[in-house]
Every structure is written in C-alpha cells, then in structure tokens.
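Values quoted throughout were computed directly from the atomic coordinates according to the rules given, and no laboratory measurement underlies them. Predicted model, so just to flag it, every value in this text is computed and none were measured. Note that each Cβ is placed from the backbone with ideal geometry, even for glycine, and that neighbours are counted across all protein chains shown.
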Amino acid sequence: MNNNKRSLTAHQDDFFSVVKALLVIVLLLSIAPQALAAGDAEPAAKVVNPGAELWREVRQREAPVAGTTQVAGMDSGVLINIRGEQWRTFRMQQLIPAAGALLGGVLGIIVLFHLIKRGLRLELGRSGNYLLRFKEIDRVLHWFVATIFIFLALTGLILLTGRVVLIPMVGHDVFSVIASASKEGHNLFGPLFLLGVIGLFIRFVSKNFPGKGDIGWLLKAGGMFGGKHPSAGFFNAGEKIWFWLVIFIGLTLSATGLILEFPFFGQDRLIIELSLVLHGVGAVLLVAGLFGHIYMGTAGMEASLESMTSGYVDANWARQHHDQWAEACEAEGAVIAGEELAKKQRLRGTKNRVPDRPAAEEGQ
Amino acid sequence: MARMKFLCDAERCIECNACVTACKNENEVPWGINRRRVVTINDGSPGERSLSVACMHCSDAPCAAVCPVDCFYTTDDGVVLHDKDICIGCGYCFYACPFGAPQFPTTGAFGSRGKMDKCTFCAGGPEADNSSEERRKYGSNRLAEGKLPLCAEMCATRALLAGDGDTVSNIFRERVTWRGSSGLTWGWGVAYSKPGLRRGRGVEGKAAGKD
Amino acid sequence: MTEFIDGPLWYFALAVFLSGVVWRMFSIFRAGSKPDLSVPRRSAAVSAVMTSLRRFVPRHEMSPRIRLQLVAGYMFHLGLFALLLFAAPHVLFLQEHLLGFGWTPMPHWAFIVTSQIAFAGLLLLWLHRVLNPVTRLISDADDHVAAVLTFVVMLTGCLALMETFTGLRVLHRFTVELLMIYFPFSRLMHAFTFIPSRAYTGAWYGRRGVDA
Ligand code: HEM
Ligand code: SF4
Ligand code: SF4
C-alpha cells in the first residue's frame, strides 16, 4: 500500500468518528422524548368516583391543583412523579445499552482499523527540522483538561454502567466502595473541568473558525475519496469539529453537572432528570469522540504526539497534514534546525544535569 | 405469603399528621427526614382532599431498578427495603420514585446527600431482626414482632390502612359499598400494577435472600 | 489490614517522619558555616528576616517568566495547608489522637473549594514540570515520586469524602503513612528547610550588603 493511501484512510477514520458521533446525537435525541413519553399512558382508575377528575389531574405534573404539605423538601407537594419512571426506563433500558454499544463499537472499529491499515506514517520521513506548534501554556492546558476529563469519564462511567459491568465482577460491597469514591471524586473534579474548557476556548478558538480549505477537506472527507491530500491550515476541519464538540458538549456537561451537584436553586425533579439524560448522553458521545481523538494523536498518526509533549513537530509532518500552516511558518522563517532545537532543549538523551542557560523558550 | 400494601382513603384523611409524627417517633429517623408526609389538594377550597404518602413498596420498584449500586431488595412480604451500608447517597432513587419517598439527611451543602432513608413498612433492614444495628440504621422492625406499621395503627380515622393487600382492599371495598360511592385505591395503579420485582428480572439486591 | 494500618504502621510512619525530620534538620545545622570574616555592612539578622519574607514574591525580573509556577504554587501550597489543618476530619483526628485539643474546622463547602484549588495547583505544577524542557531536565525520580505521592494522598482523601466507608478512610491513611515515611528522605523536606535556607542566604549576603 502506498503512503498516500494510508494517509487518506487515517483521515477517513477521523471523519468517520465525527460522522458517527453526529449520527448518534440525532438518534439519541430522537429516542429521548419518545422514552419520556412512553410512560404517559397512566393505568386508568378502576372505579370512577366523584373525585376522579381531581385525581386524574393530580397525576399530571402540570396539574392546576398543586398540593400543599407540612413537610419541606424538593417537590414534596407533588403526589405522583411520572417523569421518574420515564427517566429510569430511558437510563436503564436505553442509555446504558447504547453507551456500551457505542463505546465498545467505536473501540472495536478503531482496533480493527489499526490492525488492517496500521497508523499513518510520515510520507517523507523526518526532515530533522522543527516547527513550534503548541506553546507551553497550551500544552499545560491540554493535559490539564485531558487528565480531568479522563478522570471524570472513568468515574462517571463507573456510576452509569457499574451495576451492569462491575457488580457481577466484584460484588455489591466492593462496588459500593468504588462507586462512593467515584461519586465523590466526580463531584470534586467536575467544576475544574468547566474551568479547563473555558481555558481551551480562550486559547484555541481563534484557530478553530471555519476557514480556507475546510469545505474542501470535508468534501474530500479528509482525503478519503480525492487522490490528493486535502489542504489544511493550523487545524483541519476534523480537528475543528472535535474542538467545537468539546466546547459545546463540554459546556453542556458542565451546566447539567452543576445542576445535579448543587440541587438547591429550586430545580425540581423534572429539571434534574432532564439534566441526567443530557449529561449521560453528552458524556457517552464525548468519550466516544475521545477514543478517536486519542487514536489520531498516538498510534493513528506518526509523530503527532510530539506536538503536545515537546510542542515541536517535524517540518515534514506539518507539510503533510497542515500544509497551509507549514507554508506560512516557512515564509516567516520559523523553521528551527534540529541541532539548534536539541541545543536549546537538551532533550536528546543528554544526561547533563546543568543546563548552561535556561532555554529561551516561548514566553509564558 | 402476604403482600404488604398501604392504602390511604382520601375521604377519611383529615390531615392531622399523626402518621407523620408517629413514624418519626417510632423509627427515630435521622434529623430533617420525614418518611411520611401528608399532601393536601385544593387546600381551603371545596373538594379539599388529603393523602398520607410514603413509600408504597412498589412491585416493580423504580428506585430499585435505577440504584447504581443495586442496594434494594424486596422481602417475601413484598416490602421494599434497602441496605444503607451500600448506598452512596446519589439521590437517583428519589428522582425515580413516583411518590417522592426516598429522603436524604442534608448533612451539608454541595450535593453531599448522605445515605438514603425511607419508609421500611416498619420492617427494619438487612441486619438481624431487631438488632441494635438494625434499629440504629432503619428504626423499628414491627413486622418481625407480628405488628403492622405504626403510622396506620395511629391513624384516628382509619384513613391509612396497612397490611396484606387483600385484606386492605376488602376493608376498603366494604367502605365504598357502605358509603354508596365508588372509591379509588389511590396510587395502586402506579405502585402495584406491574409484576413483582423479586420474582421478576433477576434484579436482586445484596440481601435478596433475607426473609 | 485495617488494624495494621491504623495501629503499628501509623506509629512506625510517625516515628520515621519525626526522627527523620529531626535528624535531617540537626545534620544541616550541625554542618555549620564557615566563619565570615567580612566587615559587616548590614545586620545579618535583619537581612535574614527580610530575605525570608522577600522570597514569598518572585524577583521582579523573573515574574513574567514564572507566572504559572507562582500562581499554581500558591494555589497548591495554601490549599494543601488549609486542608491539612482545617479539614473537619483532620481537626478531629488531631484532637483525638495527637494533640488533645481542636479548633474550628472549615465548613464542608470550603473544604471542597479548597481541595479543588489545591488539586488544580498541583496538577498545573506537575504538568509544568514535565512539559517545560528545563524543569523536565532538572527533575529526577524524587520530584515525580513526591508529586505523585502527594497527589494520591489528596485524591484518596477526597474520595473518602462521604466518610462512611472504612476501606476508603484506611486507603487514605495508608497513603498518608507512605508519604510520611518517604518525606524525610526526599525534597519534600523543603517544607522544613525553606525557612533556614532563606534565612541563611539572607544573612550571608545581607552582611555583605547584598540584597538576596
Ligand atoms: C463540570 C463538569 C461536570 C460536573 C459538575 C459533573 C457532575 C456530575 C454529577 C453531580 C453527577 C451525578 C453523580 C452522582 O451524584 O452520583 C454526574 C454523573 C455523571 N457524569 Fe458528570 N459532571 C461533569 C462532567 C462530566 C464529564 C466530562 C463526563 C464524562 C466524560 C461526565 C460523565 C458522567 C456520567 C457518565 C455520569 C453518570 C450519569 C448517570 O449515572 O446517569 N461528567 N456528573
Ligand atoms: S414508593 Fe418509591 S421508594 Fe417505595 S418502592 Fe416505590 S419507588 Fe421505591
Ligand atoms: S441514594 Fe442510595 S439507595 Fe438511592 S439510588 Fe443512590 S445509592 Fe441507591
């Protein structure tokens, strides 16, 4: 197989994971209201009495007759909460199986894809010259969000699927300890995630507006059909879509998460149930996207992880994947020779513990 | 085996809250928790009705189905109980319950709920019957002593009935006949129309084997 | 296991921690310093105090370059000490097992906010350590072990927040004990050495009229 084809298929995967995610959003959004409506058919009263009208109204949440009670508490005046039944049906019978299928499926596709196609290699090998792609502050931010996101995803998925997956393996007592730890950890790190997403937005939004070549990139599906590698700027359209997914789903997760975590601003059960639905659906989608993102950043594309570790990428990598950006850098004379970089950073296996001067790296 | 049920007769309930107080006292429930509450509709207008609400011990209990740590179980009497050693205080059972039965000690702000507490049909919890552990965590276990829930025992107008479902509905049917109007077994459609959890879909709590 | 961690291991860790810290501080002080024959230009004592304080703020020339370390550093350290001394379970523990008296702990919500600040700070500091070429180069295993151990101690503490599962409490206690045993042999000693180190530098240079 020639190198060019490999590159096309790797982009194809990036694209596919995005399309798949979008499809599932549409699917789940169309299922959710249906699930919420499923329980509306109330078992009819067996015998009708004069008060029956009243009781029928009581069962409707929007009943004109709001009950009163001496007991304080969320919705304590409500006699029957119908949405609860709908939420539990959605969560237990739709969300959990769908989460398993989607996450397992995406993982399976990635593994299969990798086994068949291998990762995407550098077409021209390494040039030995480098371009600065991400400043230190951007890398710190990226890994800050990544760490927290993975922790939240892990703890959240334990809460969501642990009953089905972990209880049969470890038993109720042990799982309860794991679940309690997950819940406390999840609640603690959740708000930090919001700060991280805001940070990502501030640092990266300017590079993620639709730009020259994006339509072409998408039309060629990242180079899936066209023979030539589609042209891209600093971020290609696939990466831009991932960015906006992170921002929008991330903010949705944060908003719904905060509603769940601070249940004392008068939110009633309906709002909480809707938040749980959105939170669960959003989390599963974003984790599925994360699988694709991690693959493209590591095994799926040679030499791309470096951009987030050292911050520098090989000039050939840049030309192959982000030609517009590479050209702009070359025009500016921003290409750094390998020896120069090594001297600056002493990264290449030096055991010298005394750097002669602090590397004049990017200001941060 | 008996199938325990609650029935509240809205034509009789006078909103005296004796059941609420009796329950609190008998079970020494955690501070800030009411396992039972009385809800009044059309308060102060013609057609005012009151109902005493607590856990109805549903056949296919939503709380048990949704609990992430699967800590509920149904006793052979059809009473839905839970294991506080396992509960993580997530609140999901409260969101799922049709009757708003599960309650949480508000031991602090910031979504920290503490372990769930709810009506046990005066049947304690998974610990040995009437052990001090059981009493401390779940209150009294009157069922094990051959008694029925105190809330119903205390009801001056006999609006609140508790006991075997057949007996309870027979009493109610007699009343309805005698009153000459048709009655409504309030909440029964929601709570008992579905097949029993314990014989059902293999969803069983840790202590499912307990008698 | 629980008894071992709550009992013998705790006393062992405490002993290692206390004796280790005392021994290391003692050997630092015993090393002494060369007699300083210079003509004193300024009071060494005043300079020691001044430098100790001045070190809380970065030198003007450095500040734009170390903004991240500065902010994250304060977030982490202040958060950590607030947690250590004012978290309700800690106050209770100190009162019952070590001191015999207690003080007002912070409320639960403050605990949460404080630990979030501390976590964010520690995470940022460690990421800076591995992502900046210079700090990565001068970091060795000790730095990483210390950071990870501290992180794990904080994490297990927060996972046990519900305060009802013995397993989680004991896990936290266990990681604390590991940290205490590791402490005297690592750079974590800076929690104690930073004061004499600052004071020494301040005194040494101050005496010669140099602002340090
Ligand atoms: C600002 C950010 C977030 C906050 C404040 C937050 C908060 C919460 C809260 C309060 C719960 C309920 C858990 C409980 O009380 O037991 C929850 C559940 C959950 N969270 Fe988050 N979360 C956030 C971000 C995330 C992220 C980024 C993910 C995944 C990638 C995630 C995945 C989940 C999942 C899967 C559940 C379980 C839902 C269910 O069981 O139905 N959360 N979250
Ligand atoms: S009334 Fe609520 S708490 Fe009781 S069994 Fe039904 S769902 Fe569960
Ligand atoms: S609060 Fe407790 S009983 Fe209720 S769903 Fe959560 S873990 Fe289960």
(request) Work through the residues other than C:Pro58 whose Cβ is under 10 Å from its Cβ and net out their charges, Lys, Arg +1 and Asp, Glu -1. (result) +4
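Going by how many other Cβ atoms sit within 10 Å of their own, how do A:Cys329, B:Cys19 line up, fewest first?
With the sparsest Cβ surroundings first, the list reads A:Cys329, B:Cys19.
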(request) For a label point 7 Å from the Cα of A:Ile198 along Cα→C-beta, name the residues of the range C:94-120 whose backbone N is under 19 Å from it. (result) C:110, C:112-120
(message) At 7 Å along Cα-to-Cβ for each site, give me the label-to-label distance between B:Arg173 and C:Val134 in nm.
(response) 8.9 nm
(message) Helix-only estimate, please: 222 nm mean residue ellipticity of chain C, summing -39500 (n - 2.57) across DSSP H runs of length 4 or more and dividing by its residues, to the nearest 500.
(response) -23000 deg cm²/dmol
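Counting partner chain Cβ atoms within 10 Å of every residue's Cβ in C:163-172, what's the average? Intermediate values should be presented prior to the final figure.
Values: counts 5, 10, 11, 1, 7, 5, 0, 0, 2, 0.
Whole-number average of other-chain Cβ neighbours for C:163-172 is 4.
Restricting attention to the range C:1-110, which chymotrypsin sites (Phe, Trp or Tyr not before Pro) occupy a DSSP loop and are surrounded by at most 16 other Cβ atoms within 10 Å? Write out the running numbers ahead of the final one.
Details: sites: C:Phe4, C:Trp10, C:Tyr11, C:Phe12, C:Phe17, C:Trp23, C:Phe26, C:Phe29, C:Phe56, C:Tyr74, C:Phe76, C:Phe81, C:Phe86, C:Phe93, C:Phe101, C:Trp103, C:Trp109; in loops: C:Phe56, C:Phe101, C:Trp103.
When the chymotrypsin sites (Phe, Trp or Tyr not before Pro) of the range C:1-110 are filtered for loop state and at most 16 Cβ neighbours within 10 Å, C:Phe56, C:Phe101, C:Trp103 remain.
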(request) Go through B:Cys151, B:Cys87, B:Gly187 and say which Cα lies farthest out towards the positive end of the charge dipole of chain B; charges sit on Cβ, +1 for Lys and Arg, -1 for Asp and Glu. (result) B:Gly187
(request) Could you pull out every residue, at least 5 positions away or on a different chain, whose amide H is within less than 5 Å of the one on A:Leu120? Hs are placed 1.01 Å off N in the peptide plane, and Pro or chain starts have none. (result) A:Met301, A:Glu302
(request) Rank the residues A:Met296, A:Met308 as a footprinting-exposure proxy: fewest other Cβ atoms within 10 Å of their Cβ go first. (result) A:Met308, A:Met296
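Nearest 20 debye, what's the magnitude of the dipole of chain B about its Cα centre given +1 on Lys and Arg Cβ and -1 on Asp and Glu Cβ? All intermediate terms of the calculation are to be shown ahead of the outcome.
On the way: 27 positive and 25 negative charges, 62 e Å.
With Lys and Arg at +1 and Asp and Glu at -1, about 300 debye.
By how many nm would the segment from A:Ile271 to A:Leu115 grow when fully extended, if each residue of separation counts as 0.36 nm and the alpha-carbon distance is taken off?
Result: 51.7 nm gained on full extension.
Report the local net charge at B:Ala152: Lys and Arg +1, Asp and Glu -1, summed over other residues whose C-beta lies under 14 Å from its C-beta.
On the way: positive: B:Lys5, B:Arg12, B:Arg35, B:Arg36, B:Arg142, B:Lys147, B:Arg158; negative: B:Asp9, B:Glu26, B:Glu153, B:Asp164.
Combined, the nearby Lys, Arg, Asp and Glu give +3.
How shielded is C:65-76 by partner chains, expressed as the average number of their Cβ atoms within 10 Å of its Cβ atoms?
Numbers: counts 4, 1, 3, 4, 1, 0, 0, 1, 0, 0, 0, 0.
What the average comes to for C:65-76 is 1.
Counting only trypsin sites (Lys or Arg not before Pro) that sit in a DSSP loop (anything but H, G, I, E, B) with at most 10 other Cβ atoms within 10 Å, what is the longest stretch of chain B containing none of them? Could you put the intermediate results ahead of the total?
On the way: sites that count: B:Arg199, B:Arg201.
In short, B:1-198.
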(request) Using only the alpha carbons of the range A:163-264, determine the length spanned along each of the three principal axes and report them from longest to shortest in whole angstroms. (result) 57, 34, 18
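Loop-only check: which trypsin sites (Lys or Arg not before Pro) in the range C:131-212 are DSSP coil with at most 15 other Cβ within 10 angstrom?
Those satisfying the criteria are C:Arg208.
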(message) From the P(r) of the range B:4-174, could you give the percentage of C-alpha pairs in the tail past 30 Å?
(response) 15 percent
(request) Convert each backbone phi in the range C:126-134 into a coupling constant with the Karplus relation 6.51 cos²θ - 1.76 cosθ + 1.60 (shift: θ = phi - 60°), then list the ³J(HN,Hα) values in order as whole Hz, x for Gly and Pro. (result) 5, 4, 4, 4, 8, 9, 8, x, 6
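In the calculated pair distance distribution of the range A:198-319, what percentage of Cα-Cα distances lie above 19 Å? Don't jump to the answer; show the numbers that get you there.
Values: 4479 of 7381 pairs.
The answer is 61 percent, as a whole percent.
Within a Cβ distance under 12 Å of C:Ser38, other residues only, what is the Lys/Arg minus Asp/Glu net charge? Present the calculation step by step, with values, prior to reporting the outcome.
On the way: positive: C:Lys34, C:Arg41, C:Arg42, C:Arg207, C:Arg208; negative: C:Asp36.
Surrounding charge for C:Ser38 is +4.
Taking 1 over the mean of 1/r across every pair of different Cα atoms in the range C:78-212, what Kirkwood radius in Å do you get? Write down the numbers at each step before the final one.
Details: mean 1/r = 0.0586 Å⁻¹.
Roughly 17.1 Å, rounded to one decimal.
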(message) Which of B:Gly89, B:Gly189, B:Gly124 ends up with the largest GNM mean-square fluctuation for chain B, with Cα atoms connected below 10 Å?
(response) B:Gly189
